[in-house]
Amino acid sequence: MKVRAALVTMAVVMTSTAVTHATPARTGRALVGYDLTILGFNGGEPYRIKGAQADAVLGERSAVVWRFTSTHWMNKTQAGGFVSAAQVAGNYPNRPAGDLFSVYQADLEGDGTAEVLLVPVNDQINNGKRYAPTILKRTPRGYKPLRAVNKLPGERFAVVDMRDLDGNGAPEILFRGEAGSRGFYHFHELMGRAGETFASLPVKHVNSVHYVDLDRNGQSEIVVRERVSRRGPANQWTYVDQLYAWSGEQFTSAIGRFPRYHDVQTLPTLVGELIDHYAAELPILRDKVRAIRRVRGSVIAGKKKPPQYDRKVVRALANYENGRVDKARLNLNELERQYPYDLQMLLGLARLHAQAALELKDSQARRQRFEKALDAAIRALTVDPESREAWWWSGVGFIQVRERSSGLASLSNAVRLTGHRRDGLAFLKARRGEPGMDGELQAAIDTTLETLGQR
């Protein structure tokens, strides 16, 4: 089951340089947010040299590679030293040196002189030692080691991507470290030349690095999916996106440049996971609830409601209760524009749109109004994922737009995630008994009560 409301799924094409365009996420007002253009990693191929050109580099005795002292990749101390790549290759006289080392050439410093990167193919160098990727600088006396990528864990190493992220003419390199007989363990490190040294951004988890040009200025931001919980099976682990940018000197947080990113991407995705995995063990769902609360707190930190905001919300809801629907709608829309993170305001919008939909006879207009109710409910859940009313209106919206499985999930969450189970069940039973209850919604409530009663 995949939720289609207010979500956009980030995918990365790992082996292609093709560009794909993801659909923007929905909110209650319009399509908004970022054109999440995903750039496929290039494997370093634009900078790789082969054949005689690579052999010429590897044949120079000054071309060195880092050799670890220890063969155990999990050791915290990864000591070692530089040894001649030609000497290593000399142990295999019947094999081309290019089979033992991948060679890349790029101007990492932007000074017009290309540096060389040697990446040992450790599976092919079967001499009981481990070797790390090594960056070399060409000098009048031969090659000089600039950097050994010896902090990246792994038994085997590879270049995932080489590209100029910030447009200064010098590419940054994304490395992968792999370990385990079947490559079960993966680690990443993004590295850029910063003056006389290198800056790096370590990334611990599998498939967690994405390049996205969020503002379409030709420079790539870096999205790192940070795992915040690994409870349960891997497909139910909890991740939160962090944004970074390469300044030419360091990797810095970029979330301040894209303050809506969590609203458009991270938070709806987490709510979607609560729906997709609604039948998971409760501690798994609680981890996602905590992640939503942490991210929401970071988004609204420093943001204040306008003066008299809460009083105006109460007044708008009173207008609705007293039949002044048009005035209430204007009030709530204006309050949403002023401060879009208030739970009661969003619940009021969800209720208003749902009630208005019931008065419409045209099926398309009715569906559109229910979609607005659903979007308001989803945004309410990004504010408070334990709100029973928000889960109720989410369930109503999904049922009415013919996404029954997501509706059942929402109704289940209205019981499981919102306080005492007994109170949640009583809430659904009371709603089921309301006069004029829609038949499909009533059937969904019955199914939910039956399912939960069997647990």
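The values are calculated or read from the model by the stated rules, or taken from the named source; none is laboratory data. Small disclaimer: the values here were computed from a predicted structure and weren't measured. Quick reminder, even Gly has a Cβ in these numbers, built from the backbone with ideal geometry, and neighbours come from all protein chains shown. Areas reflect the complete protein model, heavy atoms only, side chains present, ligands, DNA and RNA absent. Shrake-Rupley method; radii C 1.70, N 1.55, O 1.52, S 1.80 Å.
Below 12 angstrom from the Cβ of Y47, what's the summed charge of the other residues (Lys, Arg +1; Asp, Glu -1)? Please list the in-between numbers first.
On the way: positive: R48, K50, R163; negative: E45, D107, E115, D161, D164, E172.
Surrounding charge for Y47 is -3.
Please report the spacing between the Cα centers of the range 38-68 and the range 211-252 in Å, no decimals.
Their Cα centres are 28 Å away from one another.
Positive end of the dipole of the chain, charges at C-beta (+1 Lys, Arg; -1 Asp, Glu), about the Cα centre: which of Q400, G218, V116 has its Cα farthest in that direction?
Comparing the listed Cα positions along the dipole, Q400 ranks first.
Local charge sum around P233 (other residues, Cβ-Cβ under 15 Å, Lys/Arg +1, Asp/Glu -1)? It would help to have the intermediate numbers written out before the result.
Details: positive: R227, R230, R231, K288; negative: E273, D276, E281, D287.
Charge balance in the 15 Å sphere: 0.
At 1.4 Å probe size, put S405, S394 in order of accessible surface, largest to smallest. Write down the numbers at each step before the final one.
Values: S405 60, S394 0 Å².
Heavy-atom accessible area, descending, gives S405, S394.
What size of dipole, in debye to the nearest 20, comes out for the range 341-408 about its Cα centre when the only charges are +1 on Lys and Arg C-beta atoms and -1 on Asp and Glu C-beta atoms? Write down the numbers at each step before the final one.
On the way: 10 positive and 9 negative charges, 65 e Å.
Dipole size: approximately 320 debye.
Any chance you could check the Cα centroid distance between the range 190-204 and the range 95-159 for me, in angstrom?
So the separation of the two Cα centres works out to 16 Å.
At 1.4 Å probe size, with every protein chain present, just tell me what the per residue accessible area of the range 276-375 comes to in Å². Can you show the working numbers first?
Details: 5530 Å² over 100 residues.
Accessible area per residue: 55 Å².
For the charge dipole of the chain, defined by +1 on Lys and Arg C-beta atoms and -1 on Asp and Glu C-beta atoms about the Cα centroid, which residue among L411, G51, G248 has the Cα displaced farthest towards the positive pole?
Value: L411.
How much of the accessible area of the chain, in percent, comes from carbon and sulfur atoms when a 1.4 Å probe is used?
Working: 10500 of 21570 Å².
C and S fraction of accessible area: 49 percent.
For the range 160-218, which chymotrypsin sites (Phe, Trp or Tyr not before Pro) are both in a DSSP coil and crowded by at most 11 other Cβ atoms within 10 Å?
On the way: sites: F175, F184, Y185, F187, F198, Y211; in loops: F184.
Of the chymotrypsin sites (Phe, Trp or Tyr not before Pro), the ones in loops of the range 160-218 whose Cβ has at most 11 other Cβ atoms within 10 Å are F184.
About the Cα centre of the range 235-394, how large is the charge dipole given +1 on each Lys and Arg Cβ and -1 on each Asp and Glu Cβ? Please answer in debye to the nearest 20.
Working: 26 positive and 20 negative charges, 123 e Å.
It comes to approximately 580 debye.
Taking 0.36 nm per residue of separation and subtracting the Cα-Cα distance, what length does fully extending T197 through R182 add? Don't skip to the answer; put the middle values down first.
Working: separation 15, 0.36 × 15 = 5.40 nm, distance 3.42 nm.
Extra length from T197 to R182 when fully extended: 2.0 nm.
Given the rule -39500 (n - 2.57) for each run of at least 4 DSSP H residues, summed and divided by the residues of the chain, what is its mean residue ellipticity at 222 nm, to the nearest 500 deg cm²/dmol? Let's see the in-between values first.
On the way: 12 runs with 159 residues, N = 455.
Computed ellipticity for the chain at 222 nm equals -11000 deg cm²/dmol.
Which order do D287, D107, D310 take by accessible area at a 1.4 Å probe, largest first?
Order by accessible area, largest first: D310, D107, D287.
Heavy atoms of the protein only, probe of 1.4 Å, neighbouring chains included. What is the accessible area of M191 in Å², nearest 10?
Roll a 1.4 Å probe over it and M191 shows about 10 Å².
In what sequence, largest accessible area first, do T71, T382 appear using a 1.4 Å probe? Don't skip to the answer; put the middle values down first.
Details: T71 70, T382 5 Å².
The most accessible residue leads, giving T71, T382.
Assigning unit charges at the beta carbon (Lys, Arg +1; Asp, Glu -1) and nothing else, what dipole magnitude in debye, to the nearest 20, does the chain show about its Cα centre?
Values: 64 positive and 49 negative charges, 236 e Å.
Charge dipole, the chain, about its Cα centre: 1140 debye, nearest 20.
Holding the Cα-Cα limit at 24 Å, pick out from K204/K288; K305/K429; K204/K304; K50/K151; K144/K204 the pairs that are longer than that.
Details: K204/K288 20 Å; K305/K429 36 Å; K204/K304 36 Å; K50/K151 27 Å; K144/K204 30 Å.
The answer is K305/K429; K204/K304; K50/K151; K144/K204.
Working out 0.36 nm times the residue gap between K429 and Q219, then minus their Cα-Cα distance, what length gain in nm do you get to one decimal? Provide the component values of the computation, followed by the final result.
Details: separation 210, 0.36 × 210 = 75.60 nm, distance 5.39 nm.
Computed gain between K429 and Q219 is 70.2 nm.
Residues of the range 65-154: accessible area per residue at 1.4 Å, in Å²? Don't skip to the end; give the middle numbers.
On the way: 4410 Å² over 90 residues.
Accessible area per residue, the range 65-154: 49 Å².
Over all alpha-carbon pairs in the chain, figure out the percentage whose distance exceeds 34 Å.
Details: 47467 of 103285 pairs.
I get 46 percent for the Cα pairs in the chain exceeding 34 Å.
Taking K and R as +1 and D and E as -1, what net charge do the other residues with C-beta under 10 Å from the C-beta of Q442 add up to?
Values: positive: R431, R432; negative: E434, D438, E440, D446.
Summing Lys and Arg as +1 and Asp and Glu as -1 gives -2.
Please name which of F157, N126, S181 has its Cα lying farthest along the dipole of the range 107-183 towards the positive end, using unit charges on Cβ (Lys, Arg +1; Asp, Glu -1) and the Cα centre as origin.
So the residue we want is N126.
Ignoring everything but the protein chains, give the 1.4 Å probe accessible area of K312 in square angstrom, nearest 10.
Approximately 80 Å² for this residue.
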